Amino acid sequence: MTKQIWLNLPVKDVAKAKDFFWKIGFSFNEQHDTPSSTCMVVGEGHFVVMLFEETLFSSFSQNGITDTNSSSEILISIDAESREEVDQLAEKIKEAGGTVFAPPAESQGWMYGCGFADLDGHRWNVLFMDFSKLPN
């Protein structure tokens with residue numbers, strides 16, 4: 001049956017989106033780049049996030065683009081290896097022009113994370129989970 005899964009996100013400007021994500025540490029498979037799309041690779045499992053120019057994305061989805069200023073279409077979560085990595089990524093995000101909407105903080109006594117919006121308003125969550133502190 002299904003062999004792969006990937007995420008498609010609409011962006012206003014592919015080059016600017018690619019530059020933002022590159023600055024915060026993501027990599028790209030440039031074999032799949034076109035003027036209106038790019039292939040971002042996330043994590044050890046090489047999860048693919050395709051960034052498509054909005055009009056091209058709309059032609060695929062045959063639906064309108066969510067206004068990320070007033071609503072969320074998705075929350076994309078990624079892990080971090082330490083609290084320090086969460087803090088460092090939050091700083092990189094600000095420096096690259098993103099918005100940290102939830103500053104790094106502890107949650108439920110065993111998680112530490114932050115929330116950010118990329119240049120197109122898509123919301124992301126970075127989370128370090130210390131399973132040794134997980135309540136029984």
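Restricted to the range 104-121, and to residues that are part of a loop (DSSP other than H, G, I, E, B) and not hydrophobic (A, V, I, L, M, F, W, C), which residue is farthest from residue 135 (Cα to Cα)?
Among those that are part of a loop (DSSP other than H, G, I, E, B) and not hydrophobic (A, V, I, L, M, F, W, C), it is 120.
Can you name the number of the only condition in (1) at pLDDT 95 or above; (2) surrounded by fewer than 12 Cβ atoms within 10 Å (Cβ to Cβ) that residue 69 fails?
Tallying (1) at pLDDT 95 or above; (2) surrounded by fewer than 12 Cβ atoms within 10 Å (Cβ to Cβ), residue 69 fails exactly one: (1).
State whether one or more residues within the range 74-85 are at pLDDT below 95, open to solvent by less than 70 Å² (accessible area, probe 1.4 Å) and among the hydrophobic types (A, V, I, L, M, F, W, C).
yes
Could you please let me know if residue 51 is aliphatic (A, V, I, L, M) and out of contact with any helix residue (DSSP H, G or I) (no Cβ under 7 Å at 6 or more places or on another chain)?
The answer is no for residue 51.
Being touching a residue at least 40 places away in the same chain (Cβ under 8 Å), touching a Lys or Arg at 6+ places or on another chain (Cβ under 8 Å) and open to solvent by less than 70 Å² (accessible area, probe 1.4 Å): is that true of residue 96 here?
yes
Do we have residue 6 as open to solvent by 90 Å² or more (accessible area, probe 1.4 Å), hydrophobic (A, V, I, L, M, F, W, C), more than 27 Å from residue 131 (Cα to Cα) and at pLDDT 95 or above here?
No; evaluated as a whole, the condition is false for this residue.
Any idea which of 70, 27, 61, 77 is over 30 Å from residue 132 (Cβ atoms), within 17 Å of the chain's Cα centre (by Cα) and either outside the structural domain of residue 5 (by the TED database) or of a type in the set (S, T, N, Q) (or both)?
27
The values are calculated or read from the model by the stated rules, or taken from the named source; none is laboratory data. Just so you know, these numbers come straight off a predicted model, no measurement behind them. Glycine gets a Cβ as well: all are built from the backbone with ideal geometry, and neighbour counts include every protein chain shown. The area values use the complete protein model at the heavy-atom level, side chains included, leaving out ligands, DNA and RNA. Shrake-Rupley method; radii C 1.70, N 1.55, O 1.52, S 1.80 Å.
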